[in-house]
Ligand SMILES: NC(=O)c1ccc[n+]([C@@H]2O[C@H](COP(=O)([O-])OP(=O)(O)OC[C@H]3O[C@@H](n4cnc5c(N)ncnc54)[C@H](O)[C@@H]3O)[C@@H](O)[C@H]2O)c1
């Protein structure tokens with residue numbers, strides 16, 4: 001049975017643990033780790049059937065087959081190279097870390113050298129399967145349009161640098177349009193979505209991102225439009241935030257659970 005180690009026991013890590021505990025995923029939840037040992041122990045105690053050991057990260061990496069990073073971008077920088085060097089497969093949730101070209105190339109190189117798999121779940125968007133299929137031929141454009149209630153963009157470096165008064169926005173307003181490489185710095189909260197789309201398709205420079213403040217919305221809406229030799233498609237997701245961490249959409253946790261099921265299943269459906 002596949003031995004799983006989870007690093008990061010917050011909302012996403014917790015949902016994955018619960019899915020394994022419920023029997024929905026046929027794998028062994030072997031170990032968990034978190035910067036906060038208390039948080040990890042509390043999660044372990046909440047499980048009914050599984051009893052994962054709390055391990056320090058270095059110990060966890062030596063003892064599992066698949067490492068799931070559901071912690072933070074800094075954890076990706078620090079831990080994922082070590083996991084790959086130890087020959088472990090890794091699922092990365094904090095995919096925004098891969099906007100850093102040097103880190104991206106290092107992780108891809110280490111995965112190849114050590115014959116390991118790196119998995120990036122679709123996260124809070126729909127359409128990664130379509131981008132994957134389309135990329136078997138030429139893709140001419142990928143546009144991500146993110147619409148949020150204005151105050152949902154508070155604190156973004158772009159908003160602060162331009163002194164945009166979010167509370168005064170009364171109608172749909174385009175705040176940013178540019179390559180994903182710039183969008184991830186201007187709106188770091190959008191970084192995971194933009195990064196996954198860029199990795200699947202045509203990269204961080206050619207993927208275009210638009211960020212719109214819309215006072216009529218209560219949910220975060222991500223739309224993707226892709227054009228290429230195949231034709232054109234568009235997807236739209238209206239995300240509900242998770243109850244425990246409003247920054248994370250519930251769909252992101254579900255996409256991690258679904259990726260895990262796909263890894264374990266002899267039957268693969270979808271691209
Ligand atoms: N791929 C996507 O589309 C997507 C969507 C939402 C969130 N995310 C990312 O997934 C990650 C987890 O999200 P979440 O909602 O579960 O977050 P969360 O804040 O609920 O939980 C994160 C947990 O990781 C722990 N942690 C942080 N850094 C750590 C480190 N270096 N070592 C060990 N533990 C560490 C924290 O103590 C916390 O318990 C975040 O980085 C988030 O940005 C990705």
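Residues in the stretch 240-271 that are within 15 Å of the ligand (Cβ to nearest atom) and free of Cβ contacts under 8 Å to residues at least 60 places away in the same chain: 240, 241, 243, 246, 247, 250.
Among the residues making up the stretch 143-157, a single one is surrounded by 22 or more Cβ atoms within 10 Å (Cβ to Cβ) and closer than 13 Å to residue 246 by Cβ: 148. The residues in the stretch 212-233 that are in contact (Cβ under 8 Å) with a residue 40 or more places away in the chain and more than 16 Å from the ligand (Cβ to nearest atom) can be counted, and the count is 14.
Within the stretch 252-271, restricting attention to residues that are within 15 Å of residue 29 (Cβ to Cβ) and surrounded by 16 or more Cβ atoms within 10 Å (Cβ to Cβ), the residue that is nearest to the chain's Cα centre (by Cα) is 256. Just give me the residues in the stretch 227-240 being more than 17 Å from residue 152 (Cα to Cα) and assigned to a strand (DSSP E or B), in sequence order. If the condition is that a residue be more than 17 Å from residue 152 (Cα to Cα) and assigned to a strand (DSSP E or B), then 227, 228, 231, 232, 233, 234, 235, 236 are the ones that fit.
In the set 25, 20, 7, only one residue is crowded, with 24+ Cβ neighbours inside 10 Å and either within 16 Å of the ligand (Cβ to nearest atom) or in the same structural domain as residue 72 (by TED's automatic domain parsing) (or both); that residue is 7.
Of all residues in the stretch 20-71, those being in contact (Cβ under 8 Å) with a residue 60 or more places away in the chain and out of contact with any strand residue (DSSP E or B) (no Cβ under 7 Å at 6 or more places or on another chain) number 3. Annotation note: of 164, 169, the sole residue that is touching a helix residue (DSSP H, G or I) at 6+ places or on another chain (Cβ under 6 Å) and buried (at least 16 other Cβ atoms within 10 Å of the Cβ) is 169.
The values are calculated or read from the model by the stated rules, or taken from the named source; none is laboratory data. On a predicted model such as this, the values are computed, not experimentally measured, just so you know. Note that we place each Cβ from the backbone using ideal geometry, even for glycine, and neighbour counts take in every protein chain shown.
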